Amino acid sequence: MENIHAVYNGRFNFLNDIKISPLSRAYTFSDSVYEVIPFCNSNIIAFDKHITRLKNSCDSLSFKADVKKISSEILDLINKSNHANGYVYYQVSRGIDPIRSHMFDDSISLETFGYVVEHNFISKSLTVMICEDMRWQRCDIKSTSLLGNVLSMNNARNNGCDEVIMHKNNLITEGGASNVFFANDDCVFTPSLSNNILPGITRELLIEEIKQAGIKIEEGQFDVDDLLRAKSIWLTSSTKGLAQVKEISGKKTNLVNDHQLFKACEEIFVKNFLS
Ligand code: PMP
């Protein structure tokens, strides 16, 4: 495997050469937040929005992060990599405890870690599984505490699926690592942020573009039956872009391959961000 450029506590190194303490609170408590910042044809997609979300995640956990320093490290990683297409993973943890303890000592310093990898943004059509959303109540924070997502997504994979679409009390929330959009013949729908979901950057960019293009879009509360009645469903994320859902495991659907509203949204997104 090629050497992956990385940075740990401000020091650049190759990923394989970084050593971390097992008493890092990222390791013992998932007391950490992260971002995934994509770049395509050497353009960083919505850099400021990613940095703002990272700052919000840090603020929610009272991490006093140096956002300017973090931004410059992310840019340096991209430059060092020489990749045209890829993403940076960047994580901030509360730091390293002298000994494991739920209650943290305010004097420990934040621990930061990032790396850059090549990635291609061509999405394939997905088979998804619908499942109950078993996560905590603060999914707006981009925390590394992702066990709910991890268990659901691996259960989906063991059943031949690529992703999950979750619902809480029958109301659609989001994908395991993506936001959900669906459409009938004249309107696009997506769960509003008040449904305890991550404020996805791709979701936000797409909503702005859809409105600009004069396509009807509604953010709100939608149930599983609304989703099953849809003509088109797609998932969005920084690494997937827009990925069409071709099948929902075990369910009868009305999905139309390459529905006109999906194609229109995909075209807008690719034109504005991926070309
Ligand atoms: N929801 C969840 C749970 C995610 O993990 C992700 C991907 N990080 C998203 C939504 C999509 O967010 P973004 O478009 O910012 O990548």
| note | Projecting the Cα atoms of 145, 269, 171 onto the charge dipole of the chain, where Lys and Arg contribute +1 and Asp and Glu -1 at Cβ, the residue farthest towards the positive end is 145
| task | Give the value in nm², to one decimal: projected area of the alpha carbon convex hull of the stretch 1-76, averaged over all directions. | result | 6.1 nm²
| remark: Filtered hits (lysines, Cα-Cα < 20 Å from residue 263, offset >= 8 within chain) -> 124, 211, 216, 231, 240, 246, 271
| request: Among 41, 254, 91, flag the residue with its Cα farthest along the positive direction of the charge dipole of the chain, charges on Cβ as +1 for Lys/Arg and -1 for Asp/Glu. | output: 91
| query | Per residue, how much accessible area does the chain have with a 1.4 Å probe, in Å²? | reply | 50 Å²
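Test of understanding: given the chain, find the longest segment containing no trypsin sites (Lys or Arg not before Pro) that are in a DSSP loop and have at most 14 other Cβ atoms within 10 Å. Please report the intermediate quantities before stating the final value.
Numbers: sites that count: 19, 64, 100, 124, 138, 216, 251, 252.
Segment 139-215 is the longest.
Quick check: convex hull over the Cα atoms of the stretch 121-275, volume per residue in Å³, rounded to an integer?
Details: hull volume 15.9 nm³, N = 155.
In the stretch 121-275, the Cα convex hull volume per residue is 103 Å³.
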| message | If I take all pairs of Cα atoms in the chain, what percentage of them are more than 26 Å from each other? | response | 45 percent
| note | Here the stretch 82-163 gives, from Cα atoms, an Rg and Dmax in Å of 17.5, 48
| query | How far is the Cα center of the stretch 137-155 from the Cα center of the stretch 1-72, in Å? | reply | 18 Å
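Taking the Cα centre of the stretch 1-114 as origin, sum charge times position over the Cβ atoms of Lys and Arg (+1) and Asp and Glu (-1), and report the length of that vector in debye to the nearest 20.
80 debye
Hey, any idea what % of the chain's accessible area is carbon plus sulfur with a 1.4 Å probe?
Details: 6740 of 13640 Å².
Its accessible area is 49 percent carbon and sulfur atoms.
The values are calculated or read from the model by the stated rules, or taken from the named source; none is laboratory data. In this text, all values refer to a predicted model and were calculated from it rather than measured experimentally. Methodologically, a virtual Cβ is constructed for each residue, glycine included, from the backbone with ideal geometry; neighbour enumeration extends over all protein chains shown. Please note that ligands, DNA and RNA were not included when accessible areas were found on the heavy atoms of the full protein model with its side chains. Shrake-Rupley method; radii C 1.70, N 1.55, O 1.52, S 1.80 Å.
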